[in-house]
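The values are calculated or read from the model by the stated rules, or taken from the named source; none is laboratory data. What you see is a predicted model; the values in this text were computed from it and never measured. Virtual Cβ from ideal backbone geometry, glycine too; neighbours counted across all protein chains shown. Side chains are part of the model used for accessible areas, which takes the heavy atoms of the whole protein and leaves out ligands, DNA and RNA. Shrake-Rupley method; radii C 1.70, N 1.55, O 1.52, S 1.80 Å.
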Amino acid sequence: FPLYTRLHRHMPSLYTYSLIVFGLYAFFSSCQKDTFNTDSGSQIIINRDTLWFDTVFTKVNGTTPKSVNKQILIFNPYDQRIKTSIRLGGGDQSHFRLNVDGEPGSSFTDIELFPNDSIFIFVEVHPNPNNNSPDFNPLIIRDSILFNTNGNKSKTMLIGWGQDAHYIFRDSIEVDTTWANDKLPIVVYGYCYVKPNVKLNIEAGMNIHFAPRSWLFVEGTLAMKGSKDKPVMMQGDRLQPSWEEKSGQWGGIWISHPSHSNTIEHALIKNGTVGVYCDSVPGDLSKPNVTIQKTMIRNMRFDGISGKGSTIHVENSVSSNCGRFTFLGANGGNYTVLNSTFYTGGRDFFRQEPTFAYLNRRRDEFGSILETYDIQFKFINNIIDGILKDSEIGEDIDYSKVITPSVVDYNLLKTNKSIYSSTGSNNIINQNPLFKDAYNYNFDLDTLSAAKDLGVRLTPDISDDFLDRPRLNTPDIGAFESQY
């Protein structure tokens, strides 16, 4: 009884104490959620770093272009409210449209997210199908949603198709296919892969565009046949004048085992990383990995034509303005280059290596020889020139591995190496080819060119030039037969 009395006497104070503790907890908890998280280390969570609109939005009915509606979720992972600002990188001029938590617009300031809560951003794209001007409607429309949370910046990329075209989105060609000129270009995003035992024909006049880091991978067979008046065009997807001659906009043509007998004729391949690359594909004389004729490859960030242990035939073609080599035959192989022009000036690149090189030694980073390979080469009637002071033709050759016959003759070469001017050689050394306008890729020969009438007739005969003009009995050196 005395103990019960004492407990009973203190119960009101214990009850009051509990209410006070609970009230304080509720108060501080409420205050914490009512305050904003301003910590510079805090960041919202965005569920998409890239939003794809991989549907063609042109050729729609009605006057207003229609778009798929896509969503982005942004989430506040903290126990306090947080503010973020959201805007379209392209602003009001963007082809994309935003709706943030029910409100349309292109810029939103101090959007509140409740603790452990999220909101949706709805996105649409609105190209104009009646305006295919590259300044207004690029082939591929790009923008980004920019987020700024407590000074932390992040973004979600927006990518959609703009003009009316055939789009290839990371896809493979699994049956024999022909790309013919039906007035719509081909646009490749990511890659187009020609599978083994499958043939891709590309006909005259086709325009093929590639997004950044996109490639044409060939393990089957590529037959590209343009004409003088309707060459096949391969380039990046940026068509504005300021992008017309910028290198590195896309990957290139990558030929891999077991591919052989590929042909490229009357094509313009420009503004990529590598024009045509044969990756360790041996081939043989009857089945070269690739035969390139009457084609101009220019403005490559690395190489124009490149092969490793490959069989490559080049004829009446031009490779120009490349950051590394206009032509590279590495790890041995079999290379035939006839009546072609290789030149890199000072337009865009600073170089230390020659523009044309062939080698059958593979070295490590310290210069030590790791392996040597068999090599055979036939370089006749070519112009190899550029702005380097010393030599624009380079070699690293173990001559015990050179297969005969191999020859470098009747070329116009810029070089200080005596092997190209030894007794019996018909090479012309350090004379000006006098191109009409090398800066603007006109490699036709001017009146007083040192390359005129100093070539040799070949077997089998090369009867015409890059522009289908007839070769004279004593042909000019290079890809063009002078008209003077």
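Taking a probe of 1.4 Å, how large is the accessible area per residue of the range 140-189, in Å²?
I get 45 Å² per residue for the range 140-189.
At GLU174 and LEU448, where each label point lies 7 Å from the Cα along Cα→Cβ, what is the point-to-point distance in nanometres?
The modelled label-to-label distance comes out at 6.3 nm.
Can you give the charge dipole size of the chain about its Cα centre, rounded to the nearest 20 debye, using +1 on the beta carbon of Lys and Arg and -1 on the beta carbon of Asp and Glu?
Working: 46 positive and 53 negative charges, 227 e Å.
The dipole of the chain has a size of about 1100 debye.
Which whole-Hz ³J(HN,Hα) couplings does the range 375-380 yield from phi under the Karplus relation 6.51 cos²θ - 1.76 cosθ + 1.60, θ = phi - 60°, glycine and proline marked x?
For the range 375-380, the Karplus curve yields 9, 9, 8, 9, 10, 9 Hz.
Which percentage, to the nearest 5, of the DSSP beta bridges contained in the chain is antiparallel? Could you put the intermediate results ahead of the total?
Details: 42 of 143 bridges.
Antiparallel bridges make up about 30 percent of those DSSP assigns within the chain.
Rounded to the nearest percent, how much of the accessible area of the chain (1.4 Å probe, protein heavy atoms only) is carbon and sulfur?
The C+S portion of the solvent-accessible surface of the chain is 52 percent.
According to a simple spin-label model (label point 7 Å from Cα along Cα-to-Cβ), what is the distance in nm between ASN440 and ASP49?
4.4 nm
Using the Cα centre of the chain as origin and beta-carbon charges of +1 (Lys, Arg) and -1 (Asp, Glu), tell me which of THR149, THR295, ASN37 is placed farthest towards the positive end of the dipole.
Of the listed residues, the answer is ASN37.
Could you work out [θ]222 nm for the chain from helices alone, using -39500 (n - 2.57) per DSSP H run of at least four and dividing by all its residues? Round to the nearest 500 deg cm²/dmol.
Working: 1 runs with 33 residues, N = 484.
Taking each H run of at least 4 residues, the total per residue is -2500 deg cm²/dmol.
What relative contact order, as a whole-number percentage, does the chain give when Cα pairs under 8 Å and 6 or more residues apart are counted? Don't jump to the answer; show the numbers that get you there.
Values: 1314 pairs, mean separation 35.1, N = 484.
Relative contact order, the chain: 7 percent.
Would you mind telling me the antiparallel percentage of the DSSP bridges in the range 146-228, rounded to 5? Mind dumping the intermediate values first?
On the way: 4 of 26 bridges.
Close to 15 percent.
Placing +1 on the Cβ of each Lys and Arg and -1 on the Cβ of each Asp and Glu in the chain, which of VAL194, HIS209, GLY91 has its Cα farthest towards the positive end of the resulting dipole?
Among VAL194, HIS209, GLY91, the one farthest towards the positive end of the dipole of the chain is GLY91.
Provide the per-residue ³J(HN,Hα) series for the range 294-302, in order, calculated from phi with Karplus coefficients 6.51, -1.76, 1.60 and θ = phi - 60°, each as a whole number of Hz, with x at glycine and proline positions.
Ordered by residue, 3J(HN,Hα) equals 6, 10, 10, 10, 8, 6, 9, 5, 10 Hz.
Roughly how many Å² is the accessible area per residue of the range 355-406, as a whole number, for a 1.4 Å probe? Intermediate values should be presented prior to the final figure.
Values: 2620 Å² over 52 residues.
Ligands and nucleic acids excluded, the figure is 50 Å² per residue.
For Cα Rg over 2.2 N^0.38 Å, one of [x] 1.40; [y] 1.03; [z] 0.98 was computed from the structure I shared and the rest are decoys. Which label?
[x]
Could you estimate the translational diffusion coefficient of the range 148-237 from the Stokes-Einstein equation, with Rh from the Kirkwood formula over C-alpha pairs, at 20 °C and 1.002 mPa s, in whole µm²/s? Intermediate results must be reported in sequence, preceding the final value.
Numbers: Rh = 14.5 Å.
Translational diffusion coefficient: 147 µm²/s.
Separation between the THR35 and ILE369 pseudo-spin-labels, each 7 Å from Cα along Cα→Cβ, expressed in nm?
7.4 nm
Angle, helix 2-34 long axis vs. longest principal axis of the chain, Cα atoms, 0 to 90°, nearest 10?
Approximately 40 degrees, to the nearest ten.
Say R0 is 51 Å: what FRET efficiency, to the nearest 0.05, do ASN416 and ASN181 get from their beta-carbon distance? Provide the component values of the computation, followed by the final result.
Numbers: r = 47 Å, r/R0 = 0.92.
Given R0 = 51 Å and the Cβ-Cβ separation, E is 0.60.
So what J values fall out for the range 328-333 if you push phi through Karplus, 6.51 cos²θ - 1.76 cosθ + 1.60 with θ = phi - 60°, rounded to Hz, Gly and Pro as x?
Taking θ as phi minus 60°, the curve returns 9, x, 10, 6, x, x Hz for the range 328-333.
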